[in-house]
Amino acid sequence: MRHQQITELTPEQQALMPIIRDEWIRIGLDITPINPQKAEHAIALAYKSARLKPPQKILWFKNPVEALTYIASEADLRKEAIRAAVFNTAFNTVRAAVGDAIRYVIEDAIAEAVEAAVEDTLFNVEMAVKEAVGEAVFDQIGSAWGLQDVQSLARYAYFDAIGVDCSKLKGLWATAKHCGWWWAFKNIAVVTPKPSMIHLDEQGRLHGLGVPAVAYERFNVYAYHGVRLPEKYGAVQPHQWQAKWLLEENNTELRRILIQEIGYVRICQELQALELDSWQEYTLLKIDSDVDVEPIHLLKMTCPSTGYIHALRVPPDVQSVREAIAWVNWGINSEEFSVQT
């Protein structure tokens, strides 16, 4: 029986949007320890909802890397992947009951908001897993469920709340709440727990200083304001970062982060900057190494009373202290600036 398509939302239905949105953002970022019995019941329900027999065996792994490594080692298992069957049976039934016009409204109001809230976590964890197991292995096995589908599940949870029968999704809703990443095969399901830790900055980007931004048992993801860090950087506090790492780092974005956190003063000291010019308490320095995309020239200023050192970067074509002072102070002549100071 074809469901009457929704073409307009009532005020009460509109009021449900932020409630459903916020609930699924919490689910997407949840780190509550899972209950294995609830997780396995949810997986069985997902199979039954797609008119499939529940898996004969459910295999648990500590983290997504270990799960994918196991799946990659089992060629016969990969041939029995039924993700498409479970996914399409559930979602296609729901799509048929919802009009296109109103679907787009919900996508804008709920799905996109949920996706934006968990996107940085999704992206960085997925990239770290792909790097750990190898891109070829990751692409061959295909996507897991869990966080990856949270925006779609949120959209249809809303439809269900306003009266559209989306009950075929109840198994996938349950696995999103009670499982981490998981993969469906004909007779076996491969499952991981949720992360034990997720750290975000004020803008919702993955961020941890000296601690994992996302932590599993035996697998961590490190990030700095949304930029994924290698463990060498992420596992220690920035004050322990070494300027010499700049000479070894080829990634421009990571070099920018290293420069920002280490600071020019330490960089000058540790990389033995060359003195180009000096005048009064000012010194123009050059780091004669392939640290950044262009040469680094720094104006070092030593406070006469405290001895505290400041360092500001100036353009690489600046060749004298006076020229550097003028550039730093919007063109004011160095002698004039000295008098004003």
Taking Cα pairs closer than 8 Å and at least 6 residues apart, the relative contact order of the chain in percent is 16 percent
For the range 278-288, in residue order, the Karplus 3J(HN,Hα) values (coefficients 6.51, -1.76, 1.60; θ = phi - 60°; whole Hz; Gly and Pro = x) are 8, 6, 6, 8, 10, 9, 9, 10, 9, 8, 8
So Glu202 and Gln237, fully extended at 0.36 nm per residue minus their Cα-Cα distance, gain in nm 10.7 nm
Options (i) 232; (ii) 127; (iii) 190 for volume of the Cα convex hull per residue in Å³; the value derived from the coordinates is listed as (iii)
CD proxy, 222 nm, the chain: helix-only mean residue ellipticity via -39,500 (n - 2.57) per DSSP H run with n ≥ 4, per residue, nearest 500, stands at -13500 deg cm²/dmol
GNM on the chain, Cα springs under 10 Å; top mean-square fluctuation among Val214, Val133, Val318 goes to Val318
With Cα springs under 10 Å, the Gaussian network model of the chain assigns the largest mean-square fluctuation among Leu153, Leu298, Leu45 to Leu298
GNM of the chain, Cα pairs under 10 angstrom: of Ala154, Ala223, Ala174, the biggest fluctuation goes to Ala174
Stretched fully, the stretch from Arg256 through Ser167 gains (0.36 nm per residue minus C-alpha distance, one decimal, in nm) 27.1 nm
Cβ density ranking, 10 Å radius, fewest first, applied to His225, His178, His239 yields His239, His225, His178
So the angle from the long Cα axis of helix 150-161 to the longest Cα principal axis of the chain, reported in degrees to the nearest 10, equals 50 degrees
Amide H contacts under 5 Å for Asp277, restricted to residues at least 5 apart in sequence or on another chain and with H modeled in the peptide plane, are Leu284
Dividing the mean separation of Cα pairs under 8 Å (6+ apart) by the residue count of the range 11-194 yields a relative contact order in percent of 43 percent
Helix 252-262: inclination vs the chain longest Cα principal axis, degrees, rounded to 10, gives 60 degrees
Per the rule of 0.36 nm per residue minus the C-alpha distance, extending Asn92 to Glu281 adds in nm 60.8 nm
In debye to the nearest 20, the charge dipole size for the range 195-240, taken about the Cα centre with +1 at each Lys and Arg Cβ and -1 at each Asp and Glu Cβ, equals 140 debye
With a 21 Å threshold on alpha-carbon distance, the violating pairs from Lys79/Lys186; Lys168/Lys194; Lys244/Lys286; Lys53/Lys168; Lys177/Lys232; Lys57/Lys186 are Lys168/Lys194; Lys177/Lys232
Magnitude of the Cβ-charge dipole (Lys and Arg +1, Asp and Glu -1) of the chain about the Cα centre, nearest 20 debye, reported as 1980 debye
For the range 228-235, Karplus-derived ³J(HN,Hα) couplings (6.51, -1.76, 1.60; θ = phi - 60°; whole Hz; x for glycine and proline) come out as 5, 10, x, 4, 3, 8, x, 7
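No value in this document is a laboratory result; all are computed from the given coordinates. Values in this document were obtained by computation on a predicted structure and should not be read as measured data. Here the Cβ is made from the backbone with ideal geometry for all residues, glycine too, and neighbour counts use every protein chain on show.
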